[in-house]
Every structure is written in structure tokens, then in C-alpha cells.
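Please treat every number below as a calculation from the coordinates, not as lab data. Predicted model only: the values in this text are computed from it and were never measured. Virtual Cβ from ideal backbone geometry, glycine too; neighbours counted across all protein chains shown.
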Amino acid sequence: MRRTRSAILLSLLVAAAAIRLLAQQSARPEVAEQLLAEANRSRAQNGAAPLQWDESLARAALRHSVRMAAESEISHRFPGEASVEDRTSASGAHFSLIEENVGVSSRADLLHPGWMNSPEHRKNLLNPAVDRVGIGVVFAHGFYYATADFARSVPVLSREQVEDTVAALIRVQGIAVSTDRGPAREACRTERGMPSGIGAGQSAFVMRWQDSDLSRLPDALVGKIRSRAYRRAEVGSCPPQGDAGAFTSYRLAVVLLSGGEQTSTPGLSQPYD
């Protein structure tokens with residue numbers, strides 16, 4: 001006999017309620033805090049910066065630990081479960097790198113040594129490239145089930161904040177940045193070429209890229225700026241292209257112009273590099 005849609009929905013709601021109840025009854029936040037302290041001691045001993053607690057990562061980690069307890073085994077992904085990237089992103093985390101440690105032990109004080117004695121888990125825990133962690137621990141069936149999600153965080157920025165960040169890097173190179181962001185935003189939305197009307201009568205170059213790290217300009221763009229062939233820049237941001245999945249990234253376009261005044265003239269297209 002086929003199950004009705006309402007029956008399936010009811011069973012899913014019951015299962016979700018059971019998982020929430022298990023998390024409430026078996027969560028061990030004090031163990032998670034101890035694991036964070038032990039992780040940062042180990043990182044300090046190995047020359048890595050301390051990890052900061054991330055509540056979004058912690059929520060995802062706790063849900064996965066509950067699932068491990070329900071399955072009575074450890075795994076990074078169970079049938080029907082989302083990947084660690086999607087689990088943590090759905091919890092609100094923003095990152096450019098994500099790693100996960102899982103473990104089970106009859107004693108809470110053996111979880112951290114277990115990770116440190118496992119080459120892959122040790123590598124994740126001591127990785128200098130990660131700066132955030134969320135840990136979830138539950139106690140069930142006489143065992144502690146633990147998940148630690150490590151990430152390199154990405155700041156959540158508006159389009160204007162992204163453009164301002166890159167504009168500041170360009171000004172440091174001695175190039176003036178236009179306040180008119182429209183042309184560069186149009187360039188950002190296209191895949192190649194120079195949008196019509198940008199920089200009439202001027203030499204122009206456009207650079208597009210997509211990254212989560214806005215602390216530095218692409219080497220090719222810096223080279224063009226230092227060529228001294230351009231006097232002014234226009235900066236624009238737009239939604240990322242392609243399949244970035246759960247990872248946070250920003251797409252940008254920078255237009256370099258040889259002239260210092262005119263911004264754009266509708267209907268004219270310019271040569272580009």
C-alpha cells in the first residue's frame with residue numbers, strides 16, 4: 001500500500017522532533033568548550049593562531065553529532081544527509097575552506113587525544129589556514145559523539161562594501177577611483193570584452209575575477225596599474241558566476257582608463273587588453 005503524502009510528511013515531522021529532543025537531552029556543551037580549549041592549546045604549541053568559536057558551525061556540528069548518535073556510528077555523511085559544505089552553509093556559516101573532524105569515545109577526555117593521534121584529524125585541527133570552529137558533542141548509548149567543523153571565514157559584505165574594499169587597494173597603488181560604479185558593474189556582469197560606452201577616446205583595460213579573499217589585487221591587475229599607462233579606475237561588483245556551491249565568494253570588475261575626467265559615453269565601444 002502506498003503511503004499518502006500526508007503520512008510521509010507526518011513521519012518526517014516526527015523524526016525531526018525526535019532529533020531535536022535527542023539534541024536537547026544529550027548535548028554536552030561543556031565538553032565542546034573543553035575541546036575548543038584543548039584545540040587552541042595544541043595550536044599554540046604548534047605555532048598556529050587560536051580558533052574563534054562560530055555559532056553557525058556549532059549548530060551544524062551538533063546536528064551531525066545527533067545523527068551519529070542516532071546511527072550509533074561515526075561518519076562524515078550518512079545516506080540522505082547533506083555534505084559538510086551544505087550543512088554548515090545552511091546553518092549560516094560563510095567560508096572559503098571547510099574541514100571536519102568526527103569522533104566517538106566512552107570518555108570525553110579521550111576525544112582530543114584521539115584526534116591528535118590521527119594524522120588527518122590532527123592536520124585539520126592544526127591547519128593554520130582555518131580561523132573558526134564549531135563543535136557539537138552529544139552523549140548517548142554510553143558514548144560521546146563529537147563533531148568539529150573548522151573553517152576559514154569570509155566576511156559578509158554588501159556590494160558597496162566589496163567595491164569600497166577593492167577601491168582602497170587601488171588607491172594605495174596611486175590610481176584615482178571614480179565614484180561612478182555603473183560602467184564597472186556592467187563590465188562585471190559580462191564574461192568578456194568591454195561594455196559599450198566606457199572611456200570614450202581613452203585606452204582602457206578591464207579585469208574580472210572572483211574570489212573570497214579581498215585583501216589583495218590580482219597580480220595581473222597590479223602589473224597593469226604599475227605600467228603607468230592608466231590614470232583612473234572604475235570598480236564594480238556583481239553576483240558570482242558559475243557553481244561556487246556553499247563557498248562564499250565575490251565577483252568584481254576593475255576598468256582602468258588612461259584619461260582622468262570622462263567616465264562614459266553611451267553608444268561608443270573602446271579597445272581593451
Self-check item: Full-stretch length increase - Val156, Glu191 - with 0.36 nm per residue and alpha-carbon distance subtracted
Solution: 10.2 nm
Quiz item: How many times 2.2 N^0.38 Å is the alpha carbon radius of gyration of segment 45-139?
Solution: 1.06
Quiz item: What's the FRET efficiency of Ser106 with Glu85 using the Cβ-Cβ distance as r and R₀ = 30 Å, to the nearest 0.05?
Solution: 0.45
Quiz item: How big is segment 110-237 on each of its three principal axes, counting only the C-alpha atoms and giving the largest first in Å?
Solution: 76, 26, 23
Quiz item: If you line up the Cα atoms of segment 91-176 on their principal axes, what length do they span on each, largest first, in Å?
Solution: 64, 26, 15
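How long are the three semi-axes of the equivalent ellipsoid for segment 33-192, computed from the Cα gyration tensor as the root of 5 times each eigenvalue, in whole Å, largest first?
Values for segment 33-192, descending: 39, 19, 11 Å.
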Self-check item: Distant alpha-carbon pairs in segment 100-143 (separation over 17 angstrom), percent
Solution: 35
Practice problem: Please give the length that would be gained between Thr179 and Asp213 if that part of the chain were fully extended, namely 0.36 nm times their separation in residues minus their C-alpha to C-alpha distance (nm, one decimal). | Solution: 9.9 nm
